[in-house]
1. Measuring from label point to label point, each 7 Å out along Cα→Cβ, what is the Q83 to L41 span in nm?
2. Given the pairs K128/K175; K128/K206; K128/K178, which span a C-alpha to C-alpha distance of over 18 angstrom in this model?
3. How long, wide and thick is the stretch 188-232, going by the Cα atoms along their three principal axes, in whole angstroms, largest first?
4. With the Cα gyration tensor of the stretch 35-159 in hand, give its eigenvalues times 5 under a square root as the equivalent ellipsoid semi-axes, listed largest first in whole angstrom.
5. If you look at just the Cα atoms of the stretch 92-232, how large are its Rg and its Dmax in Å?
6. With only alpha-carbon atoms counted, please give the Rg and Dmax of the stretch 60-110, in Å.
7. I need the P(r) histogram for the stretch 103-186: all alpha carbon pairs, bin width 5 Å from 0 out to the longest distance, whole percents.
8. Sort F161, F216 so that the residue with the fewest other Cβ atoms within 10 Å of its own Cβ comes first and the one with the most comes last.
Amino acid sequence: MSKASDKKLRSNSNSLSDSSVIRQSQEALPLVPSEEFLEKLIEKVCKKLVVTLENKIDQKFEDLNQKILRMGENVSKVERRIQDNEYEVQSLNAIVDQLGRKNSLRISGVPEHDKEDILETTLAFLNKHLNISCSQSDIDDVFRIGTVKTKTGFRTILVRFVTTMMRNKVYQAKKLLKNMGISIFEDLSKSNYELFQLAQRKHGRKNVWTMGGKLFIKENEAKRLVNTIKDL
């Protein structure tokens, strides 16, 4: 084969090769995504990511809220326990306070004189008006409550007896003082006295009384014990 022929063949072969490359490139062009397609794809992926993140954040917040609610419930339980314990402590203190007054009575309406001997005044009253044989040895302590006597009455006498037996004798004999303007009351603790006043306002004086530091009321012809305001 002549050199001219060989050169021609190579030229034709190169032309065919270039044409094949161009054709293959043209066929591959549709496979390359357009800019618009890529933008939509990116937007779609971003939206999915945002939704996924929002769902995870919402779930985290919900879990956190549930934990906060549980913590709040636990705090409320602790607060209720503290209140219950405080109430129990107050109740025990009131009981102890009342027990310390078990031998004491308050007598109101006994005439008061300047420079009086309160012990002699008290003994004279007990022996004369209650028909009780009471001596100095039966009284542990006695004094009047308050600083000055009022224009309409006299300071109350607080007397503490040596024994509960003598104290009870005096308290049971108070019915002999009817229409004398003199009254005998149990020496109640502050909390019991406040409860006593509330009971009188609600149920009437005739239907409320105390015995041994305990409060009783008469309701529907039945007697019942009152320990707290809820019992009223």
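Nothing in this text is a laboratory measurement; each read-out follows from the coordinates by a stated rule. In this text the structure is predicted, and so the values were computed from the model without any measurement. Note that we place each Cβ from the backbone using ideal geometry, even for glycine, and neighbour counts take in every protein chain shown.
1. My value for the distance between the label points is 6.4 nm.
2. Details: K128/K175 14 Å; K128/K206 26 Å; K128/K178 14 Å.
From K128/K175; K128/K206; K128/K178, over 18 Å: K128/K206.
3. 28, 20, 19
4. Working: eigenvalues 1409, 54, 13 Å².
Semi-axes from the Cα gyration tensor: 84, 16, 8 Å.
5. 15.7, 49
6. 22.4, 77
7. So the P(r) values, bin by bin, are 3, 15, 29, 28, 16, 8, 1, 0.
8. On the way: F161 22, F216 16.
By the 10 Å Cβ count, ascending: F216, F161.
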